[in-house]
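Nothing in this text is a laboratory measurement; each read-out follows from the coordinates by a stated rule. The model shown is predicted, which means the values in this text are computed figures rather than measured ones. Every residue, glycine among them, receives a Cβ derived from its backbone with ideal geometry; neighbour counts consider all protein chains shown.
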Amino acid sequence: MDGYLKRLADPLLAELLAALPAVSLVGPRAAGKTTTAARHASSIIHLDRPGEADVVAADPDAALDGLPTPILLDEWQEVPEVLGAVKRACDRDRHPGRFILTGSVRAETDHRTWPGTGRVTRVEMFPLTVGELSASTVPTLVDRIAEGDPALTGGTRWASNAADSATSAGTAGHLRDYVRLALQGGFPQAALGLPERSRRRWLDTYTAEIVGRDAVLAGNGVDRSRLGRYFAAYAHQCARITDDTLLCTAAGIDRRTAHAYLDLLERIYVVSGLPAWSSNRTKRLVKRPKRFLVDSSLFAAATGTTEAGVMRDADLLGRLLETFVVAQLRAQATVSEHRCALHHLRQHNGRHEVDIVIELHSGHIIGIEVKAAAAVSRDDARHLAWLRDEEGDRFLAGIVLHTGPGFVPLADRLWAAPISSLWA
């Protein structure tokens, strides 16, 4: 054994390489993309190394010719001309499993001249989930619900097993465990065995460099100081629905610049907000997105959040746990058999609000509420009950995820379950 932790993306990546000529593995820097892609590759070209990059830039077609496949082109965005060579190679030979591209910048695939269209299939890969860290083989929550897993309707036996599994794996058994998992986050270098002080220093450095260097390089002329202020303002609004005006004022920029900065931070996978959900049946919904950083550890690093501080601040605790849960679900959604997208829901008057609405491509929906509480009552599911009644048969299930050990049926298609049920 070489210590490699199997990633959620591994089976999907293998499946796609067996059927398609080129796959692009994209996501945040230092999320483990290169390590995973290398396990599926026969040849590797590191384009973030000047020597290798110069050779490829001089003649991309010749550099790729004759190498054993699949060929991994790591950090392809450093030599974007290589995409043209990939296009030409795929046009000449459509055999599957020819190229793997990895990168930390989302390609502008909507541009008509992007050469990957119809040739390169994108797979997103996010920081480690707790399930990956604990080598869990449990299917994604969405797949379990969509396939009618009897464990989700069969009473307390499943709950006891989930809680026992979570505790024995050293992952989460009570509130402080969940807080520590959220602060630890999923970046492999930070999450795998670093002492707390070293981990916090690593995350501080990562946050500074991703905004101060990577975003500036990807943004072509971005003002580093103003971008830093915008990112800090965004981080402090994590897990909130806020108007752009607040961020513009905090960063000292106009709305147009703010939109450009947001697009840039999304392209380098630092922020990943939840769009507002909409429905023909449900009216008067807020259209603004809910803002999230891509990993709960970045939220902690960017805001100076500590375990002691979280345990003294109910609002901060709730937002940290919600960011943590969204990160787990986002990673699961990229590989779920039942394709889905994550949203949030809030009425204009604030009368009803659901933390996470998962919409399957079938049109069915799943509602998720996140509670920093060990005991949940039917009242905690009232917004989910409203959504169920509004949407009728489209509504598959509503889950109140909490920090206690118990699984409790609350009402028709509504349950309370421990957060650890996401992986245990």
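Values for this structure:
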| item | result |
| --- | --- |
| The chain, dipole about Cα centre (Lys/Arg Cβ +1, Asp/Glu Cβ -1), debye to the nearest 20 | 900 |
| Residues of type lysines that residue 87 reaches as a straight line, Cα spacing below 25 Å, ignoring anything fewer than 8 places off in the same chain | 33 |
| Net charge, residue 385 excluded, C-beta distance under 14 Å - Lys, Arg +1, Asp, Glu -1 | -3 |
| Dipole of region 1-61, positive end: most advanced residue of 34, 21, 44 [Cβ charges, Cα centre] | 34 |
| DSSP-loop GluC sites (Glu not before Pro) across region 318-403, with at most 16 other Cβ within 10 angstrom | 337 |
| log₁₀ of I(q)/I(0) at q = 0.07, 0.08, 0.12 Å⁻¹ - the chain, Debye sum with one point per alpha carbon | -0.35, -0.46, -1.04 |
| Relative contact order, percent, region 130-422 [alpha-carbon distance under 8 Å, six or more residues apart] | 21 |
| Fewest-first sequence of 295, 61, 355 by Cβ atoms within 10 Å of each Cβ | 61, 355, 295 |
| Alpha-carbon centroids, region 183-242 and region 280-357: separation in whole Å | 18 |
| 5 angstrom amide H check on residue 414, placed H, neighbours 5+ away | 398 |
| For region 316-424: relative contact order, % (alpha-carbon pairs under 8 angstrom, 6 or more apart) | 20 |
| Total charge dipole magnitude, region 44-108, about the Cα centre, Cβ charges on Lys, Arg, Asp, Glu only, Debye to nearest 20 | 340 |
| Pairwise FRET efficiency - residue 2 versus residue 147, Cβ, R0 = 25 Å, nearest 0.05 | 0.15 |
| Lys, Arg +1 and Asp, Glu -1 on Cβ, resulting dipole of region 9-124 about Cα centre, debye, nearest 20 | 340 |
